[in-house]
Structure formats: C-alpha cells, structure tokens
C-alpha cells in the first residue's frame with residue numbers, strides 16, 4: 001500500500017469529523033481537491049499524516065534547536081488534537097511522498113487564516129507557493145471570505161513571496177511560540193482593499 005493510500009484510508013476514517021470550514025462556511029475542500037501544479041499534488045491530509053510530517057520535519061524547517069528554551073513548546077493535548085482535526089490540512093505530495101504541509105482554518109466569518117506552511121527544501125519554490133495562494137483566492141471568496149491572513153518571519157524571502165501575490169503587511173506580533181512575526185493580509189474584494197489603502201497607505 002502506497003503512502004498516499006494509507007493517508008487516504010486515514011482521511012476516510014476521519015470523514016465524520018466536521019471541520020471549521022464545513023461548519024462555519026459550508027466549504028468542503030474535498031470538492032476542489034486534489035490539485036496538481038509543477039509536478040506536485042495537493043490533497044487533504046489525515047491528522048496522522050500531518051502529525052508524522054510535523055514530527056519528522058518541522059524542527060529542521062523552522063530551525064528549532066533541541067535545547068533551545070527561548071520559546072514555548074506545547075505538547076499534544078486533547079484540545080490541541082481536536083483543533084488540528086477540525087482545521088484544514090493540506091498535504092503536498094511528490095510521487096506519493098509527503099513533501100509539504102499547509103494548515104488553515106477560518107478565524108471568523110469572513111477571514112481565513114493560513115496557520116502553517118512547510119515544504120521540504122528540495123521542493124521549495126516561489127512559483128508553486130504563489131500558485132497555491134492564488135488557488136485559495138479563487139475558492140475562498142465563493143464562501144464569504146473577504147481576506148486571507150498568514151504570519152511570516154520577518155525575513156526577505158518569506159515577505160517577498162507573499163507580497164508578490166498582493167499580501168499587505170498589516171501588523172506585527174511577538175509570540176511565545178515563534179518569536180517576532182509579521183501579519184500579512186490579502187484583501188479579496190475591492191471594498192476592503194480600498195479601505196486599507198485609504199486608511200493606512202496615504203500617498204502610496
């Protein structure tokens with residue numbers, strides 16, 4: 001049985017769990033996936049597949065040191081598990097191998113929050129990430145979403161990628177989990193986009 005078949009079996013076993021997107025927005029991502037671009041396939045991930053990828057790769061991808069106690073590390077709890085089960089989990093696969101992960105969920109009735117994006121270095125590329133973000137932009141407005149938010153590290157590469165697809169820096173935050181992050185927002189309709197520019201970008 002391939003890794004994808006195992007993930008699919010887990011996904012089917014979890015299909016009776018309603019996600020926040022299903023409950024709040026009426027959005028079932030299964031209607032829009034899988035999606036293929038640049039030789040990679042994006043599909044829903046089971047909770048178990050998600051946790052395996054996090055355990056295997058997140059420390060390296062996010063430069064977490066084993067004995068670094070600067071930031072809070074949270075163990076899995078029943079509440080954290082339920083939150084993950086009800087979030088949207090997207091696996092990025094190459095030849096049945098999970099090479100990336102995106103986790104998101106609505107944060108209110110009109111805002112979708114991309115909580116985490118992680119792709120193995122050898123599969124990383126700005127073009128794919130941009131296409132993935134554009135794909136979200138095509139689907140989410142159909143379900144009442146007017147803005148997409150994500151937090152990025154304040155480094156050049158991350159900021160360039162999101163700003164190249166029209167995400168605006170809308171704030172900064174100091175987190176106990178990840179340190180200093182920039183909140184970026186993609187406004188999906190002309191009214192909210194125009195309001196942001198009028199109120200905060202005078203002379204832009």
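The values are calculated or read from the model by the stated rules, or taken from the named source; none is laboratory data. The structure displayed is predicted, hence computed values, not measured ones. As a convention, Cβ positions derive from the backbone with ideal geometry for all residues, glycine included, and neighbour counts pool all protein chains shown.
What residue, among those in the range 107-123 that are out of contact with any strand residue (DSSP E or B) (no Cβ under 6 Å at 6 or more places or on another chain) and without any contact (Cβ under 8 Å) to a residue 24 or more places away in the chain, is surrounded by the most Cβ atoms within 10 Å (Cβ to Cβ)?
108
Can you tell me which residue among 171, 144, 104, 194 is under 16 Å from residue 25 (Cβ atoms) and surrounded by fewer than 16 Cβ atoms within 10 Å (Cβ to Cβ)? Steps first, please.
On the way: 171 fails: under 16 Å from residue 25 (Cβ atoms); 104 fails: surrounded by fewer than 16 Cβ atoms within 10 Å (Cβ to Cβ); 194 fails: under 16 Å from residue 25 (Cβ atoms).
The conditions single out 144.
Only one of these conditions is not met by residue 131: (1) touching a strand residue (DSSP E or B) at 6+ places or on another chain (Cβ under 6 Å); (2) within 27 Å of residue 71 (Cβ to Cβ). Which number is it?
Every condition holds for residue 131 apart from (2).
For residues that are in a loop (DSSP other than H, G, I, E, B) and out of contact with any helix residue (DSSP H, G or I) (no Cβ under 8 Å at 6 or more places or on another chain), scanning just the range 49-64, find the one that is surrounded by the most Cβ atoms within 10 Å (Cβ to Cβ).
62
Residues of the range 177-193 being modelled with pLDDT under 90 and more than 19 Å from residue 107 (Cβ to Cβ), which ones?
First pass over the range 177-193, keeping only residues modelled with pLDDT under 90: 177-179.
Selection gives 179 alone.
Let me confirm something: among 81, 30, 11, which residue is touching a strand residue (DSSP E or B) at 6+ places or on another chain (Cβ under 8 Å) and either part of a loop (DSSP other than H, G, I, E, B) or at pLDDT 95 or above (or both)? So that I can check it myself, show each step before the final result.
Details: 81 fails: touching a strand residue (DSSP E or B) at 6+ places or on another chain (Cβ under 8 Å); 11 fails: either part of a loop (DSSP other than H, G, I, E, B) or at pLDDT 95 or above (or both).
Every option except 30 fails the conditions.
Which of the residues belonging to the range 121-167 are more than 17 Å from the chain's Cα centre (by Cα), outside any loop (DSSP other than H, G, I, E, B) and under 22 Å from residue 107 (Cα atoms)?
Once the filter is applied, which keeps residues that are more than 17 Å from the chain's Cα centre (by Cα), outside any loop (DSSP other than H, G, I, E, B) and under 22 Å from residue 107 (Cα atoms), the range 121-167 yields 142, 143.
When you scan the range 175-186, do you find a residue that is in contact (Cβ under 8 Å) with a residue 40 or more places away in the chain, in contact with a strand residue (DSSP E or B) (Cβ under 7 Å, 6 or more places away or on another chain) and surrounded by 15 or more Cβ atoms within 10 Å (Cβ to Cβ), even just one?
There is at least one residue in the range 175-186 that is in contact (Cβ under 8 Å) with a residue 40 or more places away in the chain, in contact with a strand residue (DSSP E or B) (Cβ under 7 Å, 6 or more places away or on another chain) and surrounded by 15 or more Cβ atoms within 10 Å (Cβ to Cβ).
Which residues, taken from the range 84-106, are within 19 Å of residue 129 (Cβ to Cβ) and out of contact with any strand residue (DSSP E or B) (no Cβ under 8 Å at 6 or more places or on another chain)?
Matches in the range 84-106: 97 only.
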